[in-house]
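The next block holds one structure in the form of structure tokens; read it before the comments.
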Number of protein chains: 2
Amino acid sequence: MSVAAIKPTLASVLAAADAGLETTRKRLFDLLSIPSVSTDPAHAEDCRRAAEWIAADLRESGFSAAVRETKGRPLVLAHHAGPGGNAPHLLYYGHYDVQPPDPVSLWKSPPFAPVLAEGPRGPRIVARGAVDDKGQTMTFLAAFRAWHEAGGGLPVRATVVIEGEEEIGSPNLEPFLTAEREKIAADVAVISDTGMWNIETPALTTRLRGMAYTEITLKGPSRDLHSGMYGGSALNPINALTAILGGLHDAEGRVAIPGFYDDVRPLDAATAAEWQALGFDEAAYLGAIGLSHPSGERGLPGLERLWARPTADLNGIWGGYAGPGSKTVIPSEAGAKLSFRLVPNQDPDKIVAGLRRFVTERAPADATIEVKVLSASRAINVPLDTPFVRAARTALAEEFSRPALMMGCGGSVPVVESLSRALGISSLLMGFGLEDDQIHSPNEKFELACLHHGIRSHARLLAALG
Amino acid sequence: MSVAAIKPTLASVLAAADAGLETTRKRLFDLLSIPSVSTDPAHAEDCRRAAEWIAADLRESGFSAAVRETKGRPLVLAHHAGPGGNAPHLLYYGHYDVQPPDPVSLWKSPPFAPVLAEGPRGPRIVARGAVDDKGQTMTFLAAFRAWHEAGGGLPVRATVVIEGEEEIGSPNLEPFLTAEREKIAADVAVISDTGMWNIETPALTTRLRGMAYTEITLKGPSRDLHSGMYGGSALNPINALTAILGGLHDAEGRVAIPGFYDDVRPLDAATAAEWQALGFDEAAYLGAIGLSHPSGERGLPGLERLWARPTADLNGIWGGYAGPGSKTVIPSEAGAKLSFRLVPNQDPDKIVAGLRRFVTERAPADATIEVKVLSASRAINVPLDTPFVRAARTALAEEFSRPALMMGCGGSVPVVESLSRALGISSLLMGFGLEDDQIHSPNEKFELACLHHGIRSHARLLAALG
């Protein structure tokens with residue numbers, strides 16, 4: 001196919017994407033109405049419904065698609081032969097599962113009743129999963145549909161994997177990828193689960209932090225006790241747990257677990273300079289969430305702390321009585337969820353081993369401590385010098401009329417590591433989220449403009465690689 | 001009335017108490033079936049039912065009884081003129097409200113479906129409130145009934161106050177006592193809400209710790225955040241709260257709040273020697289709850305730590321995600337319930353002020369900390385040289401055929417202070433609970449033998465004072 005022939009096709013595909021935007025929005029609302037919360041077994045059937053919905057959507061765009069079982073939530077596996085032959089083979093990844101919506105009381109509209117609300121930058125879609133990752137998944141689903149309708153099919157070979165356990169650490173994804181590697185071996189993975197620099201400026205994410213997510217339980221007395229009868233003699237698990245976790249950071253904001261920074265390499269000067277040039281306004285970033293002082297390690301630039309330094313954050317803590325009023329109890333146990341964000345060269349297993357030593361050495365006599373690992377992934381640096389990265393930069397630059405930034409990201413996309421290990425391929429992280437999208441929070445949203453640009457960018461990427 | 005005339009009356013009253021034991025047990029089961037949890041507004045109507053039940057019971061024993069409104073749960077106020085004239089006037093105090101039964105899953109039988117279970121020391125009543133304080137209240141209600149049936153009325157003037165907010169700090173009791181002081185002015189208060197030394201050995205409790213119960217909330221970001229996107233830049237309220245509370249105790253087990261021990265007087269040598277002579281087996285005490293090492297201040301005897309030293313115990317902590325699986329959230333706030341047990345001469349207000357300084361000085365920039373006081377009471381030392389204490393010692397010694405011990409108690413009975421302030425009277429703390437009664441815990445129980453001895457002891461006390 002000559003360049004002359006592609007250009008008219010792309011124009012008509014983009015026109016189809018534009019014309020279909022309202023239909024796409026409605027379809028996304030259908031998907032967002034399904035409360036596919038993976039962490040809660042009560043929503044297992046909803047997860048299945050979301051998978052079926054996506055498989056049906058892909059079939060309408062010319063894919064062969066199936067819902068495949070795993071030990072947990074099912075995933076969607078779909079194929080499109082495209083023009084066949086030696087056309088590039090792209091593996092699209094997304095996830096249909098979402099975080100729990102709690103605290104539900106803080107939502108302005110019900111989390112699973114999507115609405116189109118007017119925001120300062122135009123209409124926005126508000127619902128749990130609006131951007132993470134149903135909305136972002138919809139960007140390439142709608143691009144496929146536009147190519148199917150206006151382009152006569154896809155210009156590449158495509159495999160699609162949409163899983164339902166991303167929010168709980170993808171325990172069954174890598175085994176699936178490994179088992180099916182013959183069928184899904186592709187040249188590169190395309191993932192839309194990251195962000196732009198801002199609403200005008202596209203980005204590829206080329207650096208991701210890893211994660212070790214743990215749950216710590218400290219058990220003391222064999223039953224709950226009265227704090228008057230036993231206070232001063234019996235071990236109090238909440239006292240003990242806070243005493244241990246209260247020492248997680250030193251006065252400089254560094255993680256105090258011995259050896260935690262042993263494998264952390266200093267940020268290279270070139271990258272540091274590039275990030276410095278981005279002019280990140282940390283005051284504005286924090287101001288948007290009601291804060292004015294950066295936390296974390298003292299004396300480091302904001303983007304370095306967010307993209308290139310490891311952290312330890314307590315994501316949950318519990319024990320004793322948390323209801324209204326007072327209860328004079330010494331509970332028999334207390335617990336916490338503690339996660340570490342990791343940077344390249346840190347080994348999650350080593351970090352967890354350090355944590356185990358840290359809590360065990362500090363545990364009082366009689367305390368029993370369990371440290372469970374709920375998920376673990378290494379940090380990622382994506383290689384930039386590939387035809388796929390170049391094509392994506394071109395697609396984004398043409399769509400937004402400005403160059404795409406090469407960003408870091410504080411979050412983890414563990415699937416990138418799984419894809420690398422199981423299939424030996426790298427990932428193109430082309431995402432359309434914004435910093436204020438409130439993912440994992442009440443009132444999660446996705447700007448309609450971002451959805452629209454996302455669909456068009458994917459349509460362009462397909463053209464560029466076709 | 002001559003001694004010769006009283007003795008036959010007491011014998012017949014005790015016989016009536018013995019004959020009525022099974023009926024008393026059934027009546028107690030009725031009362032225990034009412035889930036009168038004062039801290040939970042959902043149980044407000046149950047609290048009223050419990051109050052009505054008790055008022056009706058007292059009327060059957062010849063009292064005039066009314067359910068009186070307060071700003072919170074109602075209380076029962078009842079009077080019996082006894083022989084009138086200059087007969088001693090006793091004020092009986094109890095409470096019909098109970099602690100929440102959670103964790104309900106650990107109960108072997110439903111908390112509000114009382115059962116008579118066979119224990120190593122005979123039958124025991126198992127239910128929330130079995131001993132604290134419905135069962136103990138029943139000891140004097142049944143003694144009144146026995147005197148009414150066999151003694152022809154009461155040999156003393158009696159006023160009864162049964163409140164419904166003891167477990168939430170009795171916010172409305174003292175105002176009520178003060179407002180009604182003319183009607184309820186008595187010579188002494190009689191309270192059954194404490195314990196015996198063991199099942200064979202009766203006790204009066206003459207030393208009680210006070211309490212300051214607080215709730216601490218630490219607020220950070222204006223909304224829940226994704227720990228990947230914000231970790232390393234945004235203040236994490238759970239990190240901050242544990243860092244502060246983790247410093248509550250020093251390496252010697254002492255409370256680290258500056259000034260906390262300023263007003264604590266050393267235990268006098270005589271009391272220390274008396275307690276030493278009790279032969280308290282702390283290893284056995286801790287062994288019964290699955291522990292083998294004492295917590296609290298290093299190097300002090302067990303009873304001194306429990307009865308005469310102040311403590312700081314976290315009774316609850318919460319923040320972020322505590323459900324199954326993982327959620328990568330930095331929550332917008334975290335909180336804890338923290339209570340202090342106080343000893344004579346410590347001022348709850350001063351302790352709370354010290355806590356406020358402690359948390360405020362340690363709060364990171366941007367954190368908003370609120371410290372609410374849920375209840376506060378001073379420690380109590382009961383004077384021993386009164387006719388009422390002497391009469392109670394006699395009644396108990398005769399009932400158990402061994403002397404009653406003068407004990408301390410680690411818990412608080414704030415009503416003792418309220419009675420002293422509002423009415424200027426002291427309290428006789430004659431209780432029948434045992435250390436292993438699991439008050440405030442799952443499977444709370446009251447030995448039937450303790451109920452029976454309690455009824456008879458109260459019947460004897462009435463005779464001794466009549």
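Each value in this text was obtained by applying a stated rule to the coordinates, not by laboratory testing. Only a predicted model underlies this, so the values are computations on that prediction, with no experimental measurement involved. Quick reminder, even Gly has a Cβ in these numbers, built from the backbone with ideal geometry, and neighbours come from all protein chains shown.
Structure summary
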{"quantity": "Distance (nanometres) between label positions extended 7 Å along Cα→Cβ at B:ASP40 and A:LEU278", "calculated": "4.9"}
{"quantity": "Nearest-to-axis residue of chain B, judged by beta-carbon position, where the axis maps B onto A, in Å", "calculated": "B:GLY246, 1"}
{"quantity": "Between region A:263-328 and region B:290-315, the alpha-carbon center distance in angstrom", "calculated": "38"}
{"quantity": "Dimensions in Å of region A:130-247 - Rg and Dmax from alpha carbons", "calculated": "24.5, 78"}
{"quantity": "Computed magnitude of the charge dipole of the protein assembly as shown (debye, nearest 20; Cβ of K, R +1, Cβ of D, E -1)", "calculated": "240"}
{"quantity": "Estimated [θ] at 222 nm from DSSP helical runs (n ≥ 4, -39500 (n - 2.57)) normalised by residues in chain A, nearest 500", "calculated": "-10500 deg cm²/dmol"}
{"quantity": "Modelled FRET efficiency - R0 45 Å, A:ALA81 with B:THR360, Cβ distances, 0.05 increments", "calculated": "0.10"}
{"quantity": "Cα→Cβ-extended label distance, 7 Å offset, between A:ARG49 and B:SER105, nm", "calculated": "2.7"}
{"quantity": "Cleavage-rule hits, GluC sites (Glu not before Pro), region B:183-273, DSSP coil, Cβ neighbours within 10 Å at most 16", "calculated": "B:GLU200, B:GLU252"}
{"quantity": "Alpha-carbon centroids, region B:129-188 and region B:55-95: separation in whole Å", "calculated": "6"}
{"quantity": "Sites B:LYS350 and B:SER222 - FRET efficiency at Förster radius 30 Å, r taken between beta-carbons, to 0.05", "calculated": "0.30"}
{"quantity": "Charge tally in the Cβ shell below 9 Å around B:GLU163, where Lys, Arg are +1 and Asp, Glu are -1, B:GLU163 excluded", "calculated": "-2"}
{"quantity": "Inter-centroid distance (Cα atoms) of region A:393-466 relative to region B:389-466, Å", "calculated": "71"}
{"quantity": "Cα point-scatterer Debye curve for chain B, base-10 log of I(q)/I(0) at q = 0.06, 0.07, 0.08 Å⁻¹", "calculated": "-0.29, -0.39, -0.50"}
{"quantity": "Shielding score for B:219-226, defined as the mean number of other chain Cβ atoms within 10 Å", "calculated": "6"}
{"quantity": "Largest to smallest principal axis extent of the C-alpha atoms in region B:299-370, angstrom", "calculated": "45, 30, 19"}
{"quantity": "Cβ charges +1 (Lys, Arg) and -1 (Asp, Glu), total dipole of chain B, debye", "calculated": "280"}
{"quantity": "Diffusion constant of region B:86-126 at 37 °C, which comes from Stokes-Einstein with the Kirkwood Cα-pair radius and 0.692 mPa s, µm²/s", "calculated": "242"}
{"quantity": "Reciprocal of mean inverse Cα separation for region B:334-466 (Kirkwood radius, Å)", "calculated": "18.2"}
{"quantity": "Shape category assigned to region A:234-291 from the gyration tensor of Cα positions, a/c cut at 1.5", "calculated": "oblate"}
{"quantity": "Label-zone membership for region B:396-440, site B:THR70, 7 angstrom Cα→C-beta point, backbone N under 17 Å", "calculated": "B:412-424"}
{"quantity": "Separation of the A:LYS372 and B:ASP250 label points, Cα + 7 Å toward Cβ, nm", "calculated": "3.9"}
{"quantity": "Equivalent-ellipsoid semi-axes of region B:258-330, from the Cα gyration tensor, Å, largest first", "calculated": "36, 19, 8"}
{"quantity": "Percentage of interatomic Cα-Cα distances in the protein assembly as shown larger than 57 Å", "calculated": "27"}
{"quantity": "R0 of 45 Å, Cβ-Cβ distance A:ASP262-A:THR201: FRET efficiency to nearest 0.05", "calculated": "0.80"}
{"quantity": "Three-way shape call for region A:265-305 based on the alpha-carbon gyration tensor, with the a/c threshold at 1.5", "calculated": "oblate"}
{"quantity": "Kirkwood Rh, angstrom, region A:191-345 [1 / mean 1/r, Cα pairs]", "calculated": "18.8"}
